[in-house]
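What follows is calculated from the coordinates using simple rules that are stated; it is not laboratory data. These numbers come from a predicted model, not from an experiment. Here Cβ is always computed from backbone atoms with ideal geometry, including for glycine, and neighbour counts include all displayed protein chains.
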Amino acid sequence: MMKVIIMGCGRVGAQLATLLDKEGHQVTVLDTKSYSFRWLPADFKGTALLGHGLDEVTLKKAGIENTDVFVAVTQGDNRNIMACQIAKHIFDVPKVVCRIYDPLRRDLYITLGIEAISPTTIFAQVLKEKVEG
Amino acid sequence: MYIIIVGGGRLGYYLTRALLDEGHEVLVIEKDATFSQIINNELGSVSLHGDGCEAATLEAAGSGRADIFITVTGDDEDNLIACQLAKHKFNVPRTIARVRNPQHEKVFKKLGIDATVSTTNLILEHIKHELPSHPLMHLLDIQEKGLEVVEVKIPPGSTTIGKQIKELPLPADSILSLIIRKEGKPTVPTNSSVIQAEDQIIAVTSPESEDELRAALIGE
Amino acid sequence: MEFHRILVPVAGTKADEGAIELACSLAKRKNKSKIFAVHVIPVERSLPLDAEIKPEIGRAEDILSQAENIAQERGCAVETDILQAREVGPAIIDEATEREIDLILMGVTYKKHYGQFCLGDILPYVLKNAPCRVILDHQIDI
């Protein structure tokens, strides 16, 4: 069982939370709007926490000091990057994963040691394979 | 010097004007086309319309030859990312970021930003200055050395009044630089200087030892 | 209508010739009239404003000597200048103000951008900000 904090409860964040929750992990989802938590299923056993993921107080409340994984999937690339750097460098979270839409920014932060995924690159690649299929 | 500023709001605008007056070459990167245009009309061709967090914009801005890179947008995350881009991709020697959330100052420093300015902290300091009850005030930050210059006022009734400096348990990384007596006469403290009521003591210290220094000087 | 100090910004397009010719015919009536032909080199931000961009300066010299020749054929003297600026429009306006110009004369080539008629950035800027009269010389079929 892992402790996982997910910042951003959009479609992706909520779905990831649901999957991890079903597998028995201890999940905390962070969002600045309570309305976003509607994406979570009724039988979600994790914690939904209202607050800003760049705020130390919120992060501590979410249990960042002893979490195993931190995932940032808000709509803002910069917000994701900053949150992940806080998790990695201030709180020494062992595994940190970041969504960065902009492929160029992703490349830079990979060289700076942030594990980052660009949906833009991946989706374009998938589409290319379909087109060439 | 060539100075790039990200964020053409009111802060960016006045900063640009002041730096231009000092004879520097300045460029403001502003996301909003209308704001960028207004700056260009009023201050001459000194604004570039674009996102300061994108490498392409920083390239067009000629970041490679910038001496200082300052971010003053309203969002801490944008200020951080733009500064990191300038630092790591364009090797700008000095990056300075505005910070909204005062807690982020230490985060930014840890992440390699050379200097931060927190408006919240600045206002807070001013308020503290106005409050006579607060015995320790910050006068100056020497950020790159991790030191600060502070002022401690000795309130009447302090247990240290009448004691010599050498009797006080001062922290090892704090140094008393100046004592200003009640009547306004400044003296350089020595080991045998005696603390008097309403002395203003100017000291250099590390931020960590601040509380210890204050306790040593006013007694608790 | 007489003009005493005419500024002709030349960009190195086919419209330059017609613009200089027109400037000459407007100036000639009075011997004291002066024509200034200027070429503005836009300097990208990666370089300092006073950088010496050799190929650009060479090209500017060619454009200006071409303008001088055209004017000479019509018996007019032209003063030429190369300007370096971040943006062309404001540079033209600054020059017009500094030299107390009473007419800016610009040759226009017919431009299409993505299928639409387009004046570019410079002309509208000059029209909007000029401290004096402006004539746009729109030449057909060049």
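Numbers below:
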{"read-out": "Residue ID - farthest from the other protein chains (Cβ to nearest Cβ), chosen from residues in region C:39-59 that are touching a residue at least 40 places away in the same chain (Cβ under 8 Å), under 30 Å from B:Ile4 (Cα atoms) and within 19 Å of the chain's Cα centre (by Cα)", "value": "C:His39"}
{"read-out": "Flag for B:Ile4 being within 14 Å of chain C (Cβ to nearest Cβ) and closer than 27 Å to A:Asp107 by Cα", "value": "yes"}
{"read-out": "Those residues of region A:102-133 which are outside any helix (DSSP H, G or I), surrounded by fewer than 14 Cβ atoms within 10 Å (Cβ to Cβ) and small (Gly, Ala, Ser), in sequence order", "value": "A:Gly113, A:Gly133"}
{"read-out": "A:Ile86, sole failed condition from (1) among the aliphatic types (A, V, I, L, M); (2) within 11 Å of chain B (Cβ to nearest Cβ); (3) surrounded by fewer than 16 Cβ atoms within 10 Å (Cβ to Cβ)", "value": "(3)"}
{"read-out": "Enumeration of residues in region A:43-79 that are of a type in the set (Gly, Ala, Ser), within 13 Å of chain B (Cβ to nearest Cβ) and touching a residue at least 12 places away in the same chain (Cβ under 8 Å)", "value": "A:Gly51, A:Gly53, A:Ala72"}
{"read-out": "Which listed residue is charged (D, E, K, R), under 17 Å from A:Ile81 (Cβ atoms) and out of contact with any Asp or Glu (no Cβ under 8 Å at 6 or more places or on another chain), from B:Asp32, B:Asp21, B:Asp76", "value": "B:Asp76"}
{"read-out": "Failed criterion for B:Leu19 (all others in (1) in contact with a helix residue (DSSP H, G or I) (Cβ under 9 Å, 6 or more places away or on another chain); (2) hydrophobic (A, V, I, L, M, F, W, C); (3) surrounded by 17 or more Cβ atoms within 10 Å (Cβ to Cβ) hold)", "value": "(1)"}
{"read-out": "Test: residue in region A:37-50 that is within 15 Å of A:Val97 (Cα to Cα) and touching a helix residue (DSSP H, G or I) at 6+ places or on another chain (Cβ under 9 Å)", "value": "no"}
{"read-out": "Residue count, region C:69-106 (criterion: touching a strand residue (DSSP E or B) at 6+ places or on another chain (Cβ under 6 Å) and more than 24 Å from C:Lys32 (Cβ to Cβ))", "value": "6"}
{"read-out": "Residues that are within 12 Å of the chain's Cα centre (by Cα) and over 16 Å from C:Glu79 (Cβ atoms), drawn from region C:89-107", "value": "C:Gly89, C:Ala91, C:Ile93, C:Met106, C:Gly107"}
